[in-house]
């Protein structure tokens with residue numbers, strides 16, 4: 001793999017740091033150009049990945065073959081300063097598994113994780129975002145301060161049917177809560193925090209400056225209480 005692709009992330013971060021030194025009006029265009037270049041280079045690293053050769057076995061391992069190169073069988077070696085041919089082994093490798101460069105040397109290199117999409121690519125960001133949504137949804141269902149599906153003492157009834165009903169109602173409640181939060185974030189007139197989360201002043205201008213009498217006048221229940229038929233004492 002070329003050194004420009006090996007050290008892609010370090011080069012990209014250094015470029016972003018240099019952009020911060022530019023005039024403010026030029027930073028946006030330079031940052032967009034740097035991101036586009038990094039995305040293009042990330043996608044070009046995919047051809048150097050190991051290629052799946054089999055399905056996953058019972059232990060979660062999978063066999064791979066080394067990539068084959070068609071248009072770039074040569075590469076520049078920065079250490080020797082010469083152009084060398086790429087020699088790709090023809091054997092397969094298993095992930096997780098052990099690799100060795102020399103006979104008799106075990107565990108010299110250990111391949112443990114398989115990455116389906118190139119890091120930072122459009123596909124990886126999309127799938128990683130979906131995974132975050134799933135984990136966030138699970139935490140909301142199980143959190144003791146929310147639906148508390150993971151707290152057994154909150155649902156004393158036992159049995160498979162009740163568990164399914166509890167899970168269905170918890171999922172519906174969590175979805176409604178997320179919809180309400182989404183609407184509140186977009187309709188609020190000020191940033192939402194723990195202190196003002198339930199304040200009506202978030203959604204109506206000038207409400208936080210009303211006097212006590214003005215609050216009572218706006219309260220519909222107070223107006224009903226002033227009707228003669230609701231007066232208990234003269």
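No value in this document is a laboratory result; all are computed from the given coordinates. All values reported here derive from a predicted model rather than from experimental measurement. Quick reminder, even Gly has a Cβ in these numbers, built from the backbone with ideal geometry, and neighbours come from all protein chains shown.
The shape of the stretch 1-45 can be summarised by an equivalent ellipsoid whose semi-axes, obtained from the alpha carbon gyration tensor, come to 22, 11, 5 Å from longest to shortest.
Quick check on packing: order 20-28, 159-167 by the mean number of other C-beta atoms within 10 Å, highest mean leading.
On the way: 20-28: 9.6, 159-167: 11.2.
Top of the packing list down: 159-167, 20-28.
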